[in-house]
Amino acid sequence: MYIGNNWLQRYYMATQTGNIQKLLRYLREVMAKPGRVQERLDRIVRYIAVNMESDVCSVYVIQDDGSLELYATEGLNKSAVHTTRLQKGEGLVGLAAQKAEPLAVSDAPRHPAFSYKPETGEDPFQSLLAVPLLRSGHVLGVLVIQSREPRDYRDEEIEEMQITAMVLAEILNSSELQSLAPKGTKVGLERPLHICGVGLSPGIGIGQVVLHEPHIVVKDIVAKNPEAEAKRLEKAISEVRSSVDRLLDNGEIEVGSEHQEILETFRMFVHDPGWLRRVREAVFSGLTAEAAVQRVQSDFRARLTRQNDPTMRDRIHDLEDMARRVLHHLVGNDLQSYRGPLPKNAIVVARSLGPAALLDYDRKRLSGLVLEEGGATSHIAVVAKALGIPVVSEATNVSTAVEAGQPIIIDGAAGDVHIRPKEDVRASYVQKKQLLAEQQKKYRAQRLVPSISRDGAAVSLYLNAGLPLDLSQVEETGAEGIGLFRTELLFLLAERLPSTEEQQKFYEQAFSILGDKPITFRTLDIGGDKMLPYLPMAEEENPALGWRALRIGLDRPGILRAQIRALLRAARGRALNILLPLAAHFEEIHQARAIVEREKSYLARHGAVLPETIRFGVMLEVPSLLFQLKELCRIVDFISVGSNDLFQFLFAADRSNPKVAHRYDTLSAAMVRALKCISDTAAAYKVPVTVCGEMAGKPLELMALLGLGFRSFSMAPLAIGPAKETVLRVNIGELKTLVDGYLKRCENRSLRTLLEAYAAKNAVTV
């Protein structure tokens, strides 16, 4: 709702206490004039000092090592320019940069953080106001004013300095400023940045940034008519509010759904009085509506990212979304993701991304993916591994730290992201990528070599898959077949519930590509962190333990029946392996088998060609089945150990929660004993058992599993080569002795230490 001309006029007059409008116009003129950048900086600090009635005005710029260098000054010794440096957090200037907040001090020399630099000649000056130069929430430098007399800076003066700092930040971000930096160093948003995230898919990606949601570039910063800008701002805010209200009130969003909660939260933020007040004040201080939104959002982002409270940091995304929507309304653009052709060696940077959006990108030009959100078991990770794309997630605020086209390197195994890397860092990763390529070449060369250990034990290696594009890698890796086909990926990529005919065609394609190699289809495993947008589901307190996987199939039998019918039709004359996910007790297994028998009888009555054989298996991932193993082995044809969920449920540790996901060891005594129980019981009843999930694809964990008696594994395509290399180098009899000794001694420490020693002795790469 527009706030009224009278209010605007009163507010506009109230903000004219100072020369901020005049100052901003001057800055705009200086920026537009040709000439050396040092001369322009000198003129700017001189003018700011006069305008702010201060004896000193200085600009410090952050270098690539994190230090602050004096780049221009009016009032301090000129000889100190490009000579004086403050380290990270040093002095009052360093403190303002570290906190990303203004720092006003009436008696600077007495402040405990004061750092004296004699070469500057700042002895006579008492008061100090330091304001960080922010762009996209990142500190590029610090703008400082000082006076001889003690001075309490008013809120209006601090606000004026912040507005000035935003405009100045644009100058600092220009390529011209780079000419003043020491040779071999970078400044502004050109300086290198290292972000530590979580690796989701291994591999090295070296390329250039492609923003999934391109930034809006604000070119006009200084307003010509603040009142007109205020009207534009209010109109844009009103449009954003109306669009959210329409979504919530038109009845299309299910009451109580997660989608409704997200929109309700967003509506709360778009009415946030603190954010709106700051933006309006920025407009009336002389910025355009777009620049005001960016200025305030950059300030909020800088403050919230430095908060220790995770709840406060989580507000960043809500505020980012709100600012982005308001900006799109201001510039008249629709909210959309990247639409242009991909450059060669593109690395997509996004806050979050779904598997369907990833598949829209040209695989031949995609070298990596960096996300702010997404866990190791999310479906974007599954699809990326299938495509062989390196992925790093939980890279905090990466989407605001980069610009499109900038150089970037990611390490999908270590979780490292290097933005605008130095040449030595780039050279190191080029070498590392070459070594990985040589390693993969070696793995491809031995893809037809049987997986047999040094003491002659045969081991079966299968692939995890979920899309037809995965299946070609069976031949490329030398895998024996598909040990786990995730049928839910078809559902996750569809815009509506796939029909029986669409599913049948999908499964027929999988059978056709595999030929006579075996394939195991897991029935629909959705719920928890895998939500279908067209299948409304009520919000749950703990979705990982809630309505998901087989439970949905049994409660919505129409969905499960359609899938079973499609599988039976697609497998005509072939062997069909059906795997049930998240079974917790026998009644669920019997109900599912009854559905299979009912569909089988229906198709037989209508003359359909049935599968040659039907094998019925269960995904062992719920600990309740550990205490019913003997009975389980009597009613199933095979078992697949879902190591991811079994580990999660065994330790009550949400695998998508970074605070607890790495707290427990997969090779701890409890997990090892549980796996030993499964292996021994399955062997006693001659029931084939395969280990799926992350464990099977890691060399140390694989050695433990071999020692426990497992001989069949299913894993991601990139894990097949290292797994076969591990099998070829170990003596399984020795591993069995090692593991048996560990269990016999009832050790409480992890088995990992013993296996690391064994790996080092036998030249096994871990």
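The values are calculated or read from the model by the stated rules, or taken from the named source; none is laboratory data. As the structure is a computational prediction, the values presented were derived from the model and not from experiment. Virtual Cβ from ideal backbone geometry, glycine too; neighbours counted across all protein chains shown.
Brief remarks follow.
- Taking the numbered list (1) out of contact with any Leu (no Cβ under 8 Å at 6 or more places or on another chain); (2) part of a helix (DSSP H, G or I); (3) among the small types (Gly, Ala, Ser) in turn, ALA682 passes all entries but (1).
- Flag for LEU554 being out of contact with any strand residue (DSSP E or B) (no Cβ under 7 Å at 6 or more places or on another chain) and either crowded, with 21+ Cβ neighbours inside 10 Å or assigned to a loop (DSSP other than H, G, I, E, B) (or both): no
- All of ALA684, ALA704, ALA696, ALA723 fail the test of being surrounded by fewer than 16 Cβ atoms within 10 Å (Cβ to Cβ) and either assigned by TED's automatic domain parsing to the domain that holds GLU480 or under 22 Å from GLY642 (Cβ atoms) (or both), apart from ALA684.
- VAL691 being in the same structural domain as VAL636 (by TED's automatic domain parsing), on the phi < 0 side of the Ramachandran plot and not in a loop (DSSP other than H, G, I, E, B): yes
- Among residues of segment 589-608 that are charged (D, E, K, R), those with a Cβ under 8 angstrom from a residue that is assigned to a helix (DSSP H, G or I), sequence gap 6+ or separate chain, pair up as ARG598/ARG561; GLU599/ARG561; GLU599/ILE564; GLU599/ARG565; GLU599/LEU568; LYS600/LEU568.
- Of all residues assigned to segment 561-577, at least one qualifies as being under 30 Å from LEU675 (Cα atoms), under 35 Å from the mean Cα position of the chain (by Cα) and not in a helix (DSSP H, G or I).
- So VAL766, is it in contact with a Gly (Cβ under 7 Å, 6 or more places away or on another chain) and not assigned by TED's automatic domain parsing to the domain that holds SER453: no
- There is at least one residue in segment 322-342 that is crowded, with 20+ Cβ neighbours inside 10 Å and at pLDDT below 75.
- Selected residue (criterion: farthest from the chain's Cα centre (by Cα)) from residues of segment 512-532 that are surrounded by fewer than 21 Cβ atoms within 10 Å (Cβ to Cβ) and modelled with pLDDT of 90 or more: ASP516
- Single residue of segment 131-160 satisfying the filter (surrounded by 24 or more Cβ atoms within 10 Å (Cβ to Cβ) and farther than 25 Å from THR396 by Cα) that is modelled with the lowest pLDDT: GLU160
- One residue from PRO518, PRO498 being in the same structural domain as ALA479 (by TED's automatic domain parsing), touching a residue at least 12 places away in the same chain (Cβ under 8 Å) and either of a type outside the set (S, T, N, Q) or under 14 Å from LEU560 (Cβ atoms) (or both): PRO518
- Subset tally (residues that are under 31 Å from the mean Cα position of the chain (by Cα) and assigned to a loop (DSSP other than H, G, I, E, B)) for segment 467-480: 3
- Yes/no for ALA49 being at pLDDT below 95, small (Gly, Ala, Ser) and in contact with a strand residue (DSSP E or B) (Cβ under 7 Å, 6 or more places away or on another chain): yes
- The criterion of being over 21 Å from the mean Cα position of the chain (by Cα) and crowded, with 18+ Cβ neighbours inside 10 Å holds for ASN464.
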